[in-house]
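The values are calculated or read from the model by the stated rules, or taken from the named source; none is laboratory data. This is a predicted model, so every value here is computed, not measured. Cβ: placed from backbone, ideal geometry, glycine included. Neighbour counts: every protein chain shown.
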Amino acid sequence: MSKKDALKEQILQLTREYYQEVHGQKKEFEAGKTPVNYGGRYFDEKEMVNLVDSSLDFWLTAGPWATRFERRFAEWLGVSHCALTNSGSSANLLAFTTLTSSLLGDRRVKRGDEIITVACGFPTTITPIIQYGAIPVFVDVEAPGFNINASLLESAYHPEKTKAVMIAHSLGNPFNLEAVLTFCRQHQLWLIEDNCDALGSEYTIDGETRKTGTWGDIGTSSFYPPHHMTMGEGGAVYTNNDLLFRIVRSFRDWGRDCWCLGGVDNTCGCRFTGKFGQLPEGYDHKYVYSHFGFNLKATDMQAAIGCAQLEKLDNIVEARRKNYATLYEGLKGTPGIILPEPTPNSNPSWFGFLITVKDDAPFTRNELTGYLESKRIQTRNLFAGNFLKHPCFDEFRDDTSYYRQVGTLKETDRAMRQTFWIGVYPGMTQEKLSWMITCIREFCEQNAR
C-alpha cells in the first residue's frame, strides 16, 4: 500500500471512530423532555466516510461521485436519465424551465401560457411558473390527502393556452396519477411530477407499478435533511425523454450546448468543427450556448453523501411506511380528527402523517398543535396552506393577469386552517411514536367531553 493510500485509510478509520464517539451514541428517551422531531438527518459512518473521502480527492465541483450518483439513482427509480442539482427548489426551477426551450417546437411553454397547479403545498412548485411569466391556474384539492381534485382539470383547461400540469404528491401520498395522465395525454400536455415529498412511493395503472416521479414527463426530488434521503442540500431531475434530458443538462450547466462531463473534452468528436448560430465555424463547442441557463450543479461532496444514502433508501422507505402504520393504528377512532388515507392504487412512501381537525371539533388546529409543542412534539402545517393568501401575492390582488383561479379553493382553505402533520422519519423510535399517540389521544379525548 502506498503512503497516500495508507494515510487515507488512517483518516477514514478515524472518521468511523469519530462518528461512533460523537453521533453513534443513543440517548435515553424522556417523555415530555426529549424532542420528537418531525424529521432530520438519518445517517451513519458511511456518509461521513464518503464525505471525507471525496474531500480528500478535492474535486469540489460535480465530478466522479456525482456521475456515480446520477447513474445509480436513475437505476433505482427505473428511468433513463438523472441530473443532480443543488436543491429540490432548483430541480423544480430546472424542470419547468426545460419546457420553455425552443427545441420543443409547438409544445414549448411561452410567456402567457397556462400551467395547471394547486395552491396547497410548497411554493417552489409554483414560483418558477410566475417568475418565467407563465400563468399558474389554481384548482382545488380534496380531503383527506389534499392532493389535486382531478375532476376539476377539464374546467381549468384552455385549448389555446394550457401547456402543462405541474403538481406535487402531497406528503408522499400520490395524487390520482391515472386521471391526471389521462387528461394530459388527451390534450397533449406536459406533466411535471414534483416528487420531493414522495421518493419511493408507488402507483399502479393497468397492472403496471412504477415509482412516482417516473409516470410523467419529468420528475423532481429534494435531498434537504428532512426528506427521504439527504445530501444536506441537493436535488435531482429525472426523465425517460432523451430530448428533455439534453435540455435539462443545458439549462443546469449555464445553458451550454456541449454535453461533455466535467473534466472530459470532445465527447461529440467535433469540438472544433461544428457550426452554431452566427458563430464562426469551428468555434469551441464547450463555449457554445443554446439556452439562457443557470449554474444549478451540486458538489461532488454532496453526491458522495448521496451515494451512501442510496444504499439505505429501501430501508428508509420501509421504515416510513411502518411508522405511518403504527401512528394510524394508534390514532384510529380518536375524536375530532381525520387521519390520512393512501390514494387508491398507491403505496405511499410517507413524508409525514397528515392530521386534519374536523369542522365540528370542539378545538382548533392551533390548540392541538400548541399542546403537542408543549410536550416537545414538533408539528408542521401543510406548508403554505393556501399560497394565494401569502404576502408575496399582495401585489397581484388587483391584477389577476398573473394567475387564474378555477372555482373556489374551499378545501385548500381547509388545509390552511385545519391541517398539520407530524413525523414518520426513520429516526423515530417506538417510544417517540407511542408518546405522540398518547398526547394526541389525550388532548382530543379530554376536549371532546
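Quick look at the numbers
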{"read-out": "Enumeration of residues in segment 312-346 that are in contact with a Phe, Trp or Tyr (Cβ under 8 Å, 6 or more places away or on another chain), of a type outside the set (Gly, Ala, Ser) and under 24 Å from residue 207 (Cα atoms)", "value": "321, 343, 345"}
{"read-out": "Residue 63 being surrounded by 13 or more Cβ atoms within 10 Å (Cβ to Cβ) and more than 19 Å from residue 199 (Cβ to Cβ)", "value": "yes"}
{"read-out": "Boolean, residue 370 is modelled with pLDDT under 95 and not in a strand (DSSP E or B)", "value": "no"}
{"read-out": "Residue tally, condition modelled with pLDDT under 95 and among the charged types (D, E, K, R), over segment 281-332", "value": "3"}
{"read-out": "Residue 359 of a type in the set (D, E, K, R) and assigned to a loop (DSSP other than H, G, I, E, B)", "value": "yes"}
{"read-out": "Every residue from segment 373-390 that is among the basic types (Lys, Arg), part of a loop (DSSP other than H, G, I, E, B) and out of contact with any Cys (no Cβ under 6 Å at 6 or more places or on another chain)", "value": "376"}
{"read-out": "From the options 55, 90, residue that is in a helix (DSSP H, G or I) and buried (at least 16 other Cβ atoms within 10 Å of the Cβ)", "value": "90"}
{"read-out": "So residue 206, is it acidic (Asp, Glu) and surrounded by fewer than 24 Cβ atoms within 10 Å (Cβ to Cβ)", "value": "yes"}
{"read-out": "Flag if residue 130 is closer than 19 Å to residue 384 by Cα, in a helix (DSSP H, G or I) and β-branched (Val, Ile, Thr)", "value": "yes"}
{"read-out": "Filter result for residue 96 (under 30 Å from residue 323 (Cα atoms), aromatic (Phe, Trp, Tyr) and surrounded by 14 or more Cβ atoms within 10 Å (Cβ to Cβ))", "value": "no"}
{"read-out": "Residues that are assigned to a helix (DSSP H, G or I) and under 13 Å from residue 168 (Cβ atoms), drawn from segment 105-126", "value": "123, 124, 125"}
{"read-out": "Candidate set from segment 347-366 (those that are touching a Phe, Trp or Tyr at 6+ places or on another chain (Cβ under 8 Å) and over 30 Å from residue 178 (Cα atoms)); member that is surrounded by the fewest Cβ atoms within 10 Å (Cβ to Cβ)", "value": "363"}
{"read-out": "Leading residue by the ranking (modelled with the highest pLDDT) among those in segment 393-427 that are surrounded by fewer than 13 Cβ atoms within 10 Å (Cβ to Cβ) and not hydroxyl-bearing (Ser, Thr, Tyr)", "value": "410"}
{"read-out": "Residue identified as among the acidic types (Asp, Glu), surrounded by fewer than 23 Cβ atoms within 10 Å (Cβ to Cβ), over 25 Å from residue 223 (Cα atoms) and free of Cβ contacts under 8 Å to residues at least 60 places away in the same chain among 257, 253", "value": "257"}
{"read-out": "In segment 391-417, residue nearest to residue 33 (Cα to Cα) [restricted to those that are in contact (Cβ under 8 Å) with a residue 24 or more places away in the chain, out of contact with any helix residue (DSSP H, G or I) (no Cβ under 6 Å at 6 or more places or on another chain) and part of a loop (DSSP other than H, G, I, E, B)]", "value": "409"}
{"read-out": "Check on residue 136, part of a helix (DSSP H, G or I), under 27 Å from residue 391 (Cβ atoms) and in contact (Cβ under 8 Å) with a residue 24 or more places away in the chain", "value": "no"}
{"read-out": "Flag for residue 248 being in contact (Cβ under 8 Å) with a residue 40 or more places away in the chain, in contact with a strand residue (DSSP E or B) (Cβ under 7 Å, 6 or more places away or on another chain) and not in a strand (DSSP E or B)", "value": "yes"}
{"read-out": "Residue list for segment 317-343, filter: on the phi < 0 side of the Ramachandran plot, in contact (Cβ under 8 Å) with a residue 12 or more places away in the chain and either in contact with a Lys or Arg (Cβ under 9 Å, 6 or more places away or on another chain) or outside any helix (DSSP H, G or I) (or both)", "value": "330, 331, 334, 335, 337, 338, 339, 340, 341, 342, 343"}
